[in-house]
Ligand SMILES: Nc1ncnc2c1ncn2[C@@H]1O[C@H](COP(=O)(O)OP(=O)(O)OP(=O)(O)O)[C@@H](O)[C@H]1O
Ligand SMILES: [Mg+2]
């Protein structure tokens with residue numbers, strides 16, 4: 001089991017941000033998490049990463065139980081890409097430094113890299129066709145380039161769990177597809193991490209994500225195989241609106257009616 005959450009809740013200011021969450025992710029599965037703004041997606045990810053603690057319930061990640069283990073250590077096995085991470089990185093570090101800092105799960109490069117780290121960072125950047133950016137300052141990159149660099153950074157520690165929180169925000173349609181293809185290649189690699197992909201755009205759910213968790217107002221609306229969860233009836237119930245779901249090239253699309 002990669003993630004096992006039982007009856008977990010988080011309360012802030014007398015309000016439940018997450019309520020009674022039950023969710024299991026098994027090795028070999030990749031999951032999409034889908035929900036509207038404010039439904040609790042990022043909070044759920046922060047809880048998995050040990051940044052916020054459940055007020056009730058149990059959280060196990062990569063076989064480690066919350067409260068009994070140093071999550072700073074565990075975070076080295078979890079790759080994390082999000083636009084909020086972009087904001088906290090040091091903008092005047094070079095791309096190479098940012099990628100290498102992923103090995104230490106740190107913001108900023110405090111520990112001394114060894115020759116092998118430079119080699120590894122180079123290999124990942126080569127694979128992403130980004131080696132030309134190696135010496136550029138992070139602030140000077142475009143949004144699409146930044147997201148690729150963050151993905152490269154997340155892979156630096158060869159994580160067992162890779163969490164992508166709305167990684168395609170701000171990307172044009174081609175940059176988005178190019179980013180999604182990198183994710184697809186990561187999933188196809190032999191030693192692929194378990195990937196959790198959060199979005200509020202259903203068309204970003206690649207076929208590799210065979211399971212989806214729908215979050216609504218801090219609770220699990222439904223979860224499981226896409227063919228059961230991403231159906232017209234279930235999504236109409238989820239949105240409480242008239243919508244129509246279609247599929248093309250194994251990708252889902254939602255058509256809204258106002
Ligand atoms: N520290 C906090 N104190 C009070 N409320 C919080 C706190 N953190 C999150 N919330 C609230 O919890 C709800 C869920 O927030 P969260 O960021 O998890 O949503 P989200 O699904 O990631 O949304 P988005 O799609 O906009 O990123 C929001 O209403 C948010 O305002
Ligand atoms: Mg969010």
For residue 58, state whether it is away from ligand 2 (no atom under 16 Å from the Cβ), surrounded by fewer than 18 Cβ atoms within 10 Å (Cβ to Cβ), in contact (Cβ under 8 Å) with a residue 24 or more places away in the chain and over 20 Å from the mean Cα position of the chain (by Cα).
yes
Residue 51 passes all but one of (1) more than 11 Å from ligand 1 (Cβ to nearest atom); (2) surrounded by fewer than 19 Cβ atoms within 10 Å (Cβ to Cβ); (3) within 16 Å of the chain's Cα centre (by Cα); which number fails?
(1)
In the range 119-134, the residues that are part of a helix (DSSP H, G or I) and in contact with a helix residue (DSSP H, G or I) (Cβ under 6 Å, 6 or more places away or on another chain)
121, 124, 125, 131, 133
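Each row is one residue, and each column tells you yes or no for (1) in a loop (DSSP other than H, G, I, E, B); (2) within 14 Å of ligand 2 (Cβ to nearest atom); (3) surrounded by 22 or more Cβ atoms within 10 Å (Cβ to Cβ); (4) modelled with pLDDT under 95.
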position	(1), (2), (3), (4)
1	yes, no, no, yes
7	no, no, no, no
18	no, yes, yes, no
21	no, no, yes, no
24	no, no, no, no
28	yes, no, no, yes
33	no, yes, yes, no
36	yes, yes, no, yes
46	no, yes, no, yes
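The values are calculated or read from the model by the stated rules, or taken from the named source; none is laboratory data. Model, not experiment: these values are computed from the prediction. Positions of Cβ are generated from backbone atoms using ideal geometry, with glycine treated the same way; all protein chains shown enter the neighbour counts.
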